[in-house]
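Reading through the structure tokens given below for one structure.
The values are calculated or read from the model by the stated rules, or taken from the named source; none is laboratory data. All values reported here derive from a predicted model rather than from experimental measurement. Positions of Cβ are generated from backbone atoms using ideal geometry, with glycine treated the same way; all protein chains shown enter the neighbour counts.
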Amino acid sequence: MSRLSEENEALILRTKKTWMGISLPGGESSFMSLTKMLGIPFLDDAVSRIFKPQTFDDPIDRLNYFITASLLAFFAIMVSAKQYVGAPIQCWMPMEFKGGWEQYAEDYCFIQNTYYVPMEEEIPQEISDRDERQFGYYQWVPVVLALQAFMFYIPNWIWKTLHQQSGLDLGTAISDAQNIRAMKCKDKQEEFCKLSSYLSESLEINNPRPMPRSVFCLRLGRSLGSYVSMLYLLTKFLYLVNVFGQFVLLNNFIGRGFHLWGWTALQTLWSGDEWTDSPVFPRVSMCDFRVRRLANMHRYTVQCVLMINMFNEKIYLFIWFWFMFVAISTIINFFYCFSQMVPSRARENTVKQMLSREDYQDLMNNPAASRVISNFVSNGLRPDGVLLLRFIEGHAGAIVAKDICNRLFKNYLECLQVDIAKRQFLGPPGSHSTKSTSPGVEETYGDRTLPDYQEKLLQPDSSFGLGKPKYV
């Protein structure tokens, strides 16, 4: 008996996960579960690849391309089932209509547009007046909902497709960082070294390139280390444009006044008034059709009940408030990401918070020496590296991100130490080094520029400075 009860509970849990509009913890989205339940060959794999959450994103991204897209896809399937399997419309027919006549009239009224006339008003006599009151969106609701789900996914598809051209494998780096978090302490150090070496290579930290000094230092280009960052901000902006475009689409699809319809419905419910028949989603409508009998055309006007609009009304009321929530969240998230990624000072503060204050206390307290961190952020990590550290912090935790950031900074300092050692003992290759007497003035070494105070800060050991940095 206990085994049967456990199986029943498991079946109920799977059913809830399948028909919920959003993913439950440990579960899948409704659309993915439904395709697996149907067992359509290759479709379940394709849908899983499309709607599977990515590792290189944040919660607001998943709110747009995963949760909202899954909700809309689920609503499209639910309305399609009611519309094409159930009875979406029922009409009050004249007495002479029998059997197939009644079914023909209902099918005709559902395919053709019906028109809405409030019960307290008389039916217009002119055909043109009736045509002005027509509405025919309900036949296209499943198609438009599926189109909306696809529109929410388009920005993520652009992001997934174009970020691969950067040469920086975000998915591998973040998944490796997540695996490190789950490892035991003995294995972590070796994996940290491997990951930091891979990131140093990918970000070209061992070959830093000078970036132009400015408040907003985020120029487009893979060679400038801002390709992924600019692409990510563009994706955020596309999410923002899409969610506002959804209101425009619905306003033109359903009818004018939809952009305030949800607020009006909320006020009606809040005031305790009865939920009346809405002109946006009328449940009772009128239908005109003609029947040819011999040489005569007979015109009929019947009253119909649109059962499908009862579902549409509740679905679109939820969608209206959901889109408002998504729009507000996306606006806040876009401006927050812009303020954290574009200004140089914001990126420096992000890295300083990740660096260990115990190991680099001198750099934190010395205003002149703190330019080493600034150069590390602007010339070593650059915007793409800072964005990657933020992704790692969001998915693998702050401890893993801080450890990786400290190792990358150590690699950067060792690179500077080797450069200074070569300049002191071997001389600059193919160029003449000139010592500046002014602190903070950059001097040339080959095709790079190094601040003169770095030589004092990083005194090399023997063997051409391959030892650990010494802080003065």
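Step by step: first the residues of region 321-350, then only those that are more than 21 Å from D57 (Cβ to Cβ), part of a helix (DSSP H, G or I) and not basic (K, R), then the one that is modelled with the highest pLDDT. Which residue is that? Steps first, please.
Step one: filter region 321-350 for residues more than 21 Å from D57 (Cβ to Cβ), giving 321, 324, 343-345, 348-349.
If we keep only those that are part of a helix (DSSP H, G or I) too, we end up with 321, 324, 344-345, 348-349.
Checking the rest, the ones that are also not basic (K, R) come to 321, 324, 344, 348-349.
Values: F321: 91, M324: 94, S344: 89, E348: 89, N349: 89.
Here the answer is M324.
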(request) Only residues that are more than 31 Å from the chain's Cα centre (by Cα) and part of a loop (DSSP other than H, G, I, E, B): list them for region 174-192, please. (result) K184
(request) Evaluate the following for V143: is it at pLDDT 80 or above, assigned to a helix (DSSP H, G or I) and either more than 19 Å from K236 (Cβ to Cβ) or outside the structural domain of D384 (by TED's automatic domain parsing) (or both)? (result) yes
(message) Quick check on Q267: is it loosely packed, with under 15 Cβ neighbours inside 10 Å, at pLDDT 75 or above and in a helix (DSSP H, G or I)?
(response) yes
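In the set R222, R213, which member is of a type in the set (K, R), at pLDDT below 85 and surrounded by 13 or more Cβ atoms within 10 Å (Cβ to Cβ)?
On the way: R213 fails: surrounded by 13 or more Cβ atoms within 10 Å (Cβ to Cβ).
Checking each option against the conditions leaves just R222.
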(request) Give region 64-100 a look and list any residue that's in a loop (DSSP other than H, G, I, E, B) and among the hydrophobic types (A, V, I, L, M, F, W, C), or say none. (result) V85, A87, M93, M95, F97
(message) Looking only at residues that are polar (S, T, N, Q) and out of contact with any helix residue (DSSP H, G or I) (no Cβ under 8 Å at 6 or more places or on another chain) in region 173-196, which one is nearest to N406 (Cα to Cα)?
(response) Q189
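Give the residue that is modelled with the highest pLDDT, with candidates limited to residues of region 351-390 that are of a type outside the set (G, A, S) and in a loop (DSSP other than H, G, I, E, B).
Filtering region 351-390 down to residues of a type outside the set (G, A, S) leaves 351-355, 357-367, 371-373, 375-377, 379, 381-384, 386-390.
Next cut, in a loop (DSSP other than H, G, I, E, B) only: 355, 357-360, 366-367.
On the way: L355: 86, R357: 67, E358: 70, D359: 69, Y360: 71, N366: 73, P367: 72.
Checking each candidate, the answer is L355.
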(request) For region 285-292, state whether one or more residues are in a helix (DSSP H, G or I), crowded, with 19+ Cβ neighbours inside 10 Å and in contact (Cβ under 8 Å) with a residue 12 or more places away in the chain. (result) no
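Residues checked against (1) under 30 Å from M151 (Cα atoms); (2) in contact with a helix residue (DSSP H, G or I) (Cβ under 9 Å, 6 or more places away or on another chain); (3) assigned by TED's automatic domain parsing to the domain that holds A73:
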{"position": "V248", "(1), (2), (3)": "yes, yes, yes"}
{"position": "W263", "(1), (2), (3)": "yes, yes, yes"}
{"position": "L266", "(1), (2), (3)": "yes, yes, yes"}
{"position": "C287", "(1), (2), (3)": "no, yes, yes"}
{"position": "A295", "(1), (2), (3)": "no, no, yes"}
{"position": "N312", "(1), (2), (3)": "yes, yes, yes"}
{"position": "L317", "(1), (2), (3)": "yes, yes, yes"}
{"position": "S329", "(1), (2), (3)": "yes, yes, yes"}
(request) Give just the number: which of (1) under 26 Å from V248 (Cα atoms); (2) touching a Cys at 6+ places or on another chain (Cβ under 6 Å) does V302 not satisfy? (result) (1)
(request) Report the residue count in region 90-119 for those that are without any contact (Cβ under 8 Å) to a residue 60 or more places away in the chain and among the small types (G, A, S). (result) 2
